[in-house]
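Structure first, then comments.
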Amino acid sequence: MQDFDLESKNNFLNLNSNKEKRLNLIQNYLKKSQIHLEENDLELNFDTFILDLKFPQFDEDSDLIEVTIRYSIFYLEEFDYEKKRHGLRVLNHMMDNITPAKMSLNMRSELIYDTFQKYINDKDSVEFLGDILESMRKLLNIIESKYTSQEHNYKKHSLVVDSMLSNCYMSSNVLVKSIYYNKFCLYVKQMGMYTIRHMEKYLTICLDSIESSKLGYDFEKQEDLIMNSLNLIECLMQTCSLRLHTHSKRIMNYCIKIFYFYSLFLEKSNEYNNVNDEGANDYVIDKVIQISNCLLKINKNGVADSARFDLNNLKANTNLNAHFITLIDKII
């Protein structure tokens, strides 16, 4: 079967709205494939038809693959974010149900990649941002799978991650930052050892989550952001363990700052027992202790010995409050 000609019928490019373009696509496909769908609410019926189709049937219909890509892109071009998200859902379903070989034909994957690049840093809707970052990760896993990593070294992955890191760093929206942190963990796991090329930038945005916050005065409201940054640090440590010793001091300083701001929060609240009963802040502190203990086991080039020496000197400072000293004791 020849590839479906998207632009040869009914003056396709001159249609006024994305909805008209989608309907035109559907009608042309149905006419050529001789598939019957109810005309009443044709888009909804076509959505149901696509989303019910699985591998290998989807993979075998080249015309439908072409139509689905264009159909979804027209949804992404809408102003309404729910429609944009619907377009991503359709594309995700298609990517899950066709082979990488079919994705690479006729520059299909490149077309989707270029389209995603237009929207990947759209921060007006945190829900859409999370969806587009996940769809891009799914696409990159097809374009640059781990089985061909020696050939491409995750070049497109790196371009996307660099863009994400820059946008995360520049954003002042806590919800947006949290979306980025959560998605970063997935990108780190997907890239594996190649993550090391972004290690400095990853740590910079993690440390920024505390440097730019008044955690000593507002710890409870910021704890989700801090927890997300700690989860990312833990993911980086697990993935890039062979290079961890070169960054351990920087990460340890970050942990100590969290201890310090948390101790200010406890001192200000003057309700230490009640805070502990809530358990939420304890979860953050337990994660910090876990990361710190892991760092103190890495003694390559004497980094762990140096860290313990610094911690003991810090503890000897009589100007520190009792809560902070108690926290330091938990990792020495």
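The values are calculated or read from the model by the stated rules, or taken from the named source; none is laboratory data. Worth saying up front: this structure is predicted, and the values here are computed from it rather than measured. A quick note on method: Cβ atoms are made from the backbone with ideal geometry, for glycine too, and the neighbour counts reach across all protein chains shown.
Of the numbered criteria (1) touching a Phe, Trp or Tyr at 6+ places or on another chain (Cβ under 8 Å); (2) at pLDDT below 80, the one Leu236 fails is (2).
Pick from the range 44-70 the residues that are acidic (Asp, Glu) and loosely packed, with under 15 Cβ neighbours inside 10 Å: which of them is farthest from Glu20 (Cα to Cα)? Steps first, please.
Our first condition is that a residue be acidic (Asp, Glu); within the range 44-70, this holds for 47, 52, 59-61, 63, 66.
Now restrict to residues that are loosely packed, with under 15 Cβ neighbours inside 10 Å: 52, 60.
Numbers: Asp52: 23, Glu60: 27 Å.
Per the criteria, the residue is Glu60.
Looking at Leu230, is it more than 30 Å from Lys155 (Cβ to Cβ) and modelled with pLDDT of 75 or more? It is false that Leu230 is more than 30 Å from Lys155 (Cβ to Cβ) and modelled with pLDDT of 75 or more. Screening Leu266 with (1) modelled with pLDDT of 80 or more; (2) buried (at least 20 other Cβ atoms within 10 Å of the Cβ) gives one miss only, at (1). Taking first residues from the range 73-87 that are over 13 Å from Lys19 (Cβ atoms) and assigned by TED's automatic domain parsing to the domain that holds Tyr113 and partners that are in a helix (DSSP H, G or I) and of a type outside the set (D, E, K, R), the Cβ contacts under 6 Å between residues at least 6 apart in sequence or on separate chains come to Ile73/Thr115; Leu76/Gly87; Tyr81/Phe128; Lys84/Leu76; Lys84/Phe128; Arg85/Phe128.
Output the residues belonging to the range 21-43 that are over 16 Å from Val90 (Cα atoms) and surrounded by 14 or more Cβ atoms within 10 Å (Cβ to Cβ). Even if it seems obvious, please write down each step before you answer.
Of the residues in the range 21-43, the ones over 16 Å from Val90 (Cα atoms) are 21, 24, 27-41.
Once the filter is applied, which keeps residues that are over 16 Å from Val90 (Cα atoms) and surrounded by 14 or more Cβ atoms within 10 Å (Cβ to Cβ), the range 21-43 yields Lys21, Asn24, Gln27, Asn28, Tyr29, Leu30, Lys32, Ser33, Leu37.
If you go through the range 50-65 one residue at a time, do you hit one that is at pLDDT below 90, in the same structural domain as Leu111 (by TED's automatic domain parsing), more than 21 Å from Asn106 (Cβ to Cβ) and not basic (Lys, Arg)? Spell out how you get there, then give the answer.
As a first pass, look at the range 50-65 and keep what is at pLDDT below 90: none.
No; the residues of the range 50-65 include none that is at pLDDT below 90, in the same structural domain as Leu111 (by TED's automatic domain parsing), more than 21 Å from Asn106 (Cβ to Cβ) and not basic (Lys, Arg).
Yes/no per residue for (1) touching a Gly at 6+ places or on another chain (Cβ under 8 Å); (2) of a type in the set (Lys, Arg); (3) surrounded by fewer than 18 Cβ atoms within 10 Å (Cβ to Cβ):
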residue: Asp131; (1), (2), (3): no, no, no
residue: Ser135; (1), (2), (3): no, no, no
residue: Asn141; (1), (2), (3): no, no, yes
residue: Leu175; (1), (2), (3): no, no, yes
residue: Tyr180; (1), (2), (3): no, no, no
residue: Lys183; (1), (2), (3): yes, yes, no
residue: Gln190; (1), (2), (3): no, no, no
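Looking at Val275, is it among the aliphatic types (A, V, I, L, M), modelled with pLDDT of 80 or more, surrounded by 16 or more Cβ atoms within 10 Å (Cβ to Cβ) and in a helix (DSSP H, G or I)? So Val275 does not fit the description; no.
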